[in-house]
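Read the structure below first, then the notes.
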2 protein chains.
Amino acid sequence: MISNDSYTDLLIIGAGPAGLMAACWASQYAMTTRLIDQKSERTKAGHADGINSRTMEILDSFGVADIVMRQAVGNMDASYWGVDEKTGNIRRIKCQPSQPQELSRFDQMLLNQGAVEQILIDYLDSKGRVHVERGRKAEDLELPGRSGRNGDDEFPVQVRVVSTNDEDGQCDNAEVIHARYVIACDGARSWTSAQLKVDSDVWKTESTWGVMDIVPDTDFPDIRRACAIQSGDGGSMMVVPRENNLVRFYLQMNGGEGRSPNGPEESEGSLEDLIDMAEKALRPYKLTYKHCDWWSLYPIGRRLIKQYRSDRIFFAGDAAHTHSPKGGQGMNISMQDSYNLVWKIAAVITGSVDPAILETYQLERRPEAEQLMEFDTRLVYAYEEGSMEDGSEDGVEAVREKYAGFMAGVAVTYPPSMLIGKRESNTAVARNLQLGKRLPSSLVVDQEDGCVVHLATKLNSNGCWKLLIFPGDLHSPGVWDRLSVFAKEFSGRFNNHLTSQSKKNTQPWETFLIHSSPRSSFGKSQLLGAFHHFGTELGWDHAKTFADDPSYDGDTGQAYQQYGIDKQRGGLIVCRPDQHVGWVGDIEDVEGLERYFSRFLIKTERT
Amino acid sequence: MISNDSYTDLLIIGAGPAGLMAACWASQYAMTTRLIDQKSERTKAGHADGINSRTMEILDSFGVADIVMRQAVGNMDASYWGVDEKTGNIRRIKCQPSQPQELSRFDQMLLNQGAVEQILIDYLDSKGRVHVERGRKAEDLELPGRSGRNGDDEFPVQVRVVSTNDEDGQCDNAEVIHARYVIACDGARSWTSAQLKVDSDVWKTESTWGVMDIVPDTDFPDIRRACAIQSGDGGSMMVVPRENNLVRFYLQMNGGEGRSPNGPEESEGSLEDLIDMAEKALRPYKLTYKHCDWWSLYPIGRRLIKQYRSDRIFFAGDAAHTHSPKGGQGMNISMQDSYNLVWKIAAVITGSVDPAILETYQLERRPEAEQLMEFDTRLVYAYEEGSMEDGSEDGVEAVREKYAGFMAGVAVTYPPSMLIGKRESNTAVARNLQLGKRLPSSLVVDQEDGCVVHLATKLNSNGCWKLLIFPGDLHSPGVWDRLSVFAKEFSGRFNNHLTSQSKKNTQPWETFLIHSSPRSSFGKSQLLGAFHHFGTELGWDHAKTFADDPSYDGDTGQAYQQYGIDKQRGGLIVCRPDQHVGWVGDIEDVEGLERYFSRFLIKTERT
């Protein structure tokens, strides 16, 4: 048996949403990445279909949100249906917005998982650095120390990989991949976690649900709205509008008239059973179907891995946590796991930051998964046992309202760490921002060309920390001088001390200036030159100075107010490469800013 | 010499913007299309760079406007500079929006022609029906009758095509393409028009301009704004911000100190001369450059072909008209030519409409080109001779203001014809619309899922006529009944008489309902069923009923007002496949509607 040996900085096992997102992130960095998947093709139909607002923001940071929007449908209305006691039929209790508008510039979108995977695969192809290697299965894993190998091996994880379609038992194409780091995105029955014997907390329940994606033929008036329906004897049901005239139905299989209390065995259910149940639950409305894209039965169980990391190996997505699909969260939390992780690993691999930051992965993501378990438990209970009536405290509406920010993915707030400053230090500077939370976007006007842009689009996923300088109104007394002092201090401290990347003529941060003066009221030439990073070939960077000023269409001029920044005092905001606010401080506090970066950026000596 | 014979419904000669747009349109239809170009690759740099609002709308109708927006820069500010008499330096006279916001939902964008071509090529590849055949040159052309062939030949145009890279004179790959129709998009020195000896009107001038795309190094404060600069001795100059930190400069070569009055010979100019002139024109500001992407010198001349059509051959783009690039119009008018033409040819080829509609091509597009000649003449005069001072009547600002709608591409109004109804008949129904003009978009709310959409996105380039039904407020007395009568009448007259495509289960029109009642105030089920076209596999078409009602974000509810439609009276609007309004009438006037379609749709007998 011949094995080839190969070496890679990062190995990603599993090309579902978590693994593909990991690869998209890794494509931004000058390092080698391999992505293997034992299946021969991507997800074809069904499975996850909810893309929450935060995931849309992340996809937009890679420039692919508009592709999703062209294919997906928006989830705008949430409609609640209960039983009319007199007739026994269902009746609409209320219909309202699915989520508060102010949570994000993106609505929740609905699109099958395979289409999302394809968008990420196309992105990888366009970047050309990482390709999905399909039909490649990991079958042996060795960690440093296990085999008595040298502990300072640069590529300490060894993974033996074979082709899954190699049915004659010959393994000519077996390969041992030596990796610096590995991310296991290999799903609910993670091979990697089994190899490493990593324990999980498991919560079993006795409920089983059915799910189907069909093109319905119905007179139910809310068929294109997200509906929570409790039909009494007909059981509980969720309706979710989808792309291409599809509608997803979730159906409670246990309880209800004529069904076994623990729900059917998987072998007992059929598509016709599901259609029949849905038709009963919708009475007095009619339901048949024209086409079925996918259907399945699933018992509701929850599992959360105890450790997100084992040495150089990290778990993300379903490999770390599983739960019911009811809140539309699975694909999101999975992609957000690897979105949180890969920039940290990449910064370590490319040599610019202290490997200690890798500890923040579990610190930041496991509490998010714990909250997911709690939310999922409450939501399933609300569907199965709660009341749909207005004002009910254990009903679906109450749970959705309480967890609205969580469901949109924008409430997640990472705790203080070497990457997130302490809360109390700066609440006065940006009163409406919270350290550890992603920076909400605000519309601003480009100082030089007058284009209106979402600030978030400037915080794209390029691997840089983003320093946002809010000097205030440059016409106010002292503001200009204070900014001059800042520019001088910043350029002195930062260009001389912390630029480990300066040898490559790149910096680990980008700076943006957002002033609150009228855009037309001054010429930028003299002082603002400090913020124009002049590259030899690329010219003035025009895209980095903005005015919080009404634009021609009148939609701008609210950024300072939105962030709670005083126009006299100004302030500094540091966003991590994943847009989460890491540090906030006064413009005078360049020392504090340097202290923040010193915690994790590796200093190089002056030569 | 062996020639292969092949047959195609449509042959497009030339794969510049006009030819590629023609191919994108042709990709929508079940017909065969060939696209040949004698060059071996697309435009690499420079050339046209302005994409006006109407072109953006057209690109959006193919789903590719967002790709342009990711690559291009917006042209937001128009800045005017003149000479300060005291110092002799230039000074800013004013800066204002480049065009009125209300003209279109898209701003003018700036991007090099090659990038636009690539976006269209990628679109063709994604559709898979038409591919660019490069290095293929037409070298002989025969029309019916010329060679004594049978006049009722189904493929009457014969074009002999050879490979341009076949340098040894052997023509193994020569081919005779027999086509039903040909579109000549072969540029300013059109081979096709020379073959056919089609005459042009020609206006020569004595002015020569230089153009360059550079990454400048300058302290000129408006370097990211579109500037018109008159620097006295330094001559006239235009500055246009571009993608990737590029800036385009247009420089007047004749006149001015130390230059020959008629401008240099092409051989005399150099990039260094242009840089030198630009630096002089910008004084007191400094200018050097880091990178030059492209530069050229061009004499200003205008040419307009007398006939847009010769038998089965049509001319589009530069093959029909040439002019100066100053207004940023060239690429737009060219693409708009073929956007006007191809749906007509395709409808004739696929058999649903009377070939007489092809006469409207010249009728509609030549006046547009005539206006282009007039605008270009005035604009060049304004740059060279007019005054930049405020209030000047022959200055650049005055010309731009007068032609704002023309420059944005949204003012074009096609005259009455078999495709455009007479103006006087319906001004009362939609007071703010003009027959022959493209329908401006309005934000509406999807009745069923609550998504906010631009109505224009529903009028996409799929080849259908679009019937927009504005019933008014469905709660007003009589409105519901009137709509019922309309639905019955329409379905009776149209389904029985005019559906030549019904054999393929497709119709030449799509219907949309836009009511002005509160979205939540009624269930759509009963009557609106009339407007839900139920396909066997695809299900209810949910995307065709809209409310002109405030949405969750408050941006909607203005459509009736914008179009000038009375909420009691309602109205009908027919848009052609290219979004131009063809007919407007009362809801009661189904007979008038039928009369409109009867003018050009070919009737099939009931079987």
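The values are calculated or read from the model by the stated rules, or taken from the named source; none is laboratory data. The model shown is predicted, which means the values in this text are computed figures rather than measured ones. Every residue, glycine among them, receives a Cβ derived from its backbone with ideal geometry; neighbour counts consider all protein chains shown. These area figures cover heavy atoms from the full protein model, side chains too; ligands, DNA and RNA do not enter into them. Shrake-Rupley method; radii C 1.70, N 1.55, O 1.52, S 1.80 Å.
Of note:
- 222 nm mean residue ellipticity, helices alone, for chain A (DSSP H n ≥ 4; -39,500 (n - 2.57); rounded to 500): -7500 deg cm²/dmol
- Antiparallel bridges, percent of DSSP beta bridges restricted to the protein assembly as shown (to nearest 5): 70
- Shortest-first nm distances, B:Arg599 label point to equivalent points in other copies (7 Å, Cα→Cβ): 7.2
- The largest accessible area among B:Ser417, A:Ser126 belongs to the first residue in A:Ser126, B:Ser417, and the rest follow in falling order (1.4 Å probe, all chains).
- Inter-chain neighbour count for A:76-82: the average number of beta-carbon atoms from partner chains within 10 Å of each residue's beta-carbon is 3.
- Inter-label distance, B:Thr288 to B:Arg599: 6.4 nm, where each label sits 7 Å from its Cα along the C-beta direction.
- For B:Val412, the accessible surface of its heavy atoms amounts to roughly 20 Å² (probe 1.4 Å, protein chains only, rounded to the nearest 10).
- Of the accessible area of chain B, computed with a 1.4 Å probe over protein heavy atoms only, carbon and sulfur atoms account for 46 percent.
- Environment charge at B:Leu120 (Cβ cut-off 12 Å; Lys +1, Arg +1, Asp -1, Glu -1): -1
- Shown for B:Glu588: label points 7 Å from Cα along the beta-carbon vector, and their distances to the equivalent points in the other copies, 7.8 nm in ascending order.
- Taking Cα centre as origin and charging only the Cβ of basic (Lys, Arg, +1) and acidic (Asp, Glu, -1) residues, the dipole magnitude of the protein assembly as shown rounds to 700 debye.
- Note on A:Arg91: accessible area approximately 90 square angstrom, rounded to 10, probe 1.4 Å, nucleic acids and ligands left out.
- Taking all protein chains as they are arranged and a probe of 1.4 Å, the heavy atoms of B:Tyr383 leave approximately 10 Å² accessible to solvent.
- Stretching B:Asp354 away from B:Gln558 to a fully extended chain increases their span by 69.7 nm, per 0.36 nm per residue minus the current alpha-carbon distance.
- Placed amide H near A:Ser442: partners under 5 Å, 5+ positions off or other chain: A:Leu455, A:Ala456
- Per the axis that maps chain A onto chain B, nearest residue of A (Cβ criterion) and its distance in Å: A:Asp66, 2
- For segment A:88-109, accessible area lost to neighbouring protein chains reaches 50 Å² or more, against the chain alone with a 1.4 Å probe, at A:Gln101.
- Inter-copy spacing of B:Asp5 label points, which lie 7 Å from Cα along Cα→Cβ, given in nm from shortest upward: 6.8
- The calculated FRET efficiency for B:Asn4 paired with B:Ala188, based on their beta-carbon distance and R0 = 22 Å, is about 0.10.
- Taking the chain by itself as reference, segment A:277-316 contains these residues with an accessible-area loss of 40 Å² or more in the full protein complex (1.4 Å probe, heavy atoms): A:Lys290.
- Hull volume in cubic angstrom per residue (convex hull over the Cα atoms of the protein assembly as shown): 218
- Averaging Cα coordinates gives a centre for segment B:286-338 and one for segment B:377-449; these two points are 21 Å apart.
- Accessible area per residue in Å² at 1.4 Å probe, computed on the protein assembly as shown: 39
- Legend: distances between Cα atoms for A:Lys137/A:Lys344; A:Lys39/A:Lys306; B:Lys290/B:Lys326; A:Lys344/A:Lys466; pairs beyond 19 Å are A:Lys137/A:Lys344; A:Lys39/A:Lys306; B:Lys290/B:Lys326.
- Taken across both chains, chains B and A shield about 3600 Å² of accessible surface from a 1.4 Å probe.
- Computed on chain A, with alpha-carbon pairs under 8 angstrom and 6+ residues apart, the relative contact order is 15 percent.
- Shielding value for B:444-456 is 4, the average number of Cβ atoms from other chains within 10 Å of each residue's Cβ.
- Rg/Rh for chain B stands at 1.00; both radii use Cα atoms, and Rh follows the Kirkwood definition.
- Distance between modelled label sites at A:Lys422 and A:Asp122, nm, 7 Å Cα→Cβ extension: 4.9
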